[in-house]
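In what follows, a single structure is set out as structure tokens and then discussed.
Throughout, read-outs are computed from the coordinates displayed, never taken from laboratory work. The shown structure was predicted, so the numbers you read here are calculated from the model rather than taken from an experiment.
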Amino acid sequence: MRTARLVPSRPRRQPDFSLAIVNIVLLLVFFFLITGSLVQQGETSVNLAETSDLPLERLPRPLLLIDPQGAMALDGVPVTADQIAATFGGARPEALYLLADGGLSADRLMALTTRADLIGISMRLITLHIRPEPAP
């Protein structure tokens with residue numbers, strides 16, 4: 001009797017999906033290049049917030065006010081950046097609320113929020129909603 005010889009099976013090749021992924025990524029890149037050029041420059045402008053009358057007593061504490069020149073006041077008392085942590089002493093607050101003028105440069109604000117002596121205090125930026133004045 002004859003026995004059947006088993007033919008060694010060839011390993012199956014796994015399908016390669018890398019070409020399909022590259023094609024999809026290229027199509028997405030082309031799509032975003034084309035749609036990105038359709039936006040007009042005037043459509044992406046930003047209007048900065050303005051505050052004309054602000055009741056400071058209703059805002060959370062401790063509140064650090066920063067004017068456009070960089071002068072600061074902590075809860076109404078003028079301070080420098082070096083004095084902020086010292087005014088808290090051992091009772092460091094969980095959060096420090098910042099109210100900065102719209103004209104303040106981002107460099108000054110970032111320099112304040114990344115100070116080593118204020119590590120561990122959460123910095124929260126206060127923003128205000130401007131209500132339109134009713135027409136007479």
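A few comments on the model shown:
- Antiparallel DSSP beta bridges within the range 56-125, percent to nearest 5: 45 percent
- Ellipsoid semi-axes for the range 56-125, based on the Cα gyration tensor and the rule √(5λ), read 17, 14, 11 Å when sorted largest first.
- Note on residue 92 and residue 32: the extension gain reaches 16.9 nm, defined as 0.36 nm multiplied by sequence separation minus the Cα-Cα distance.
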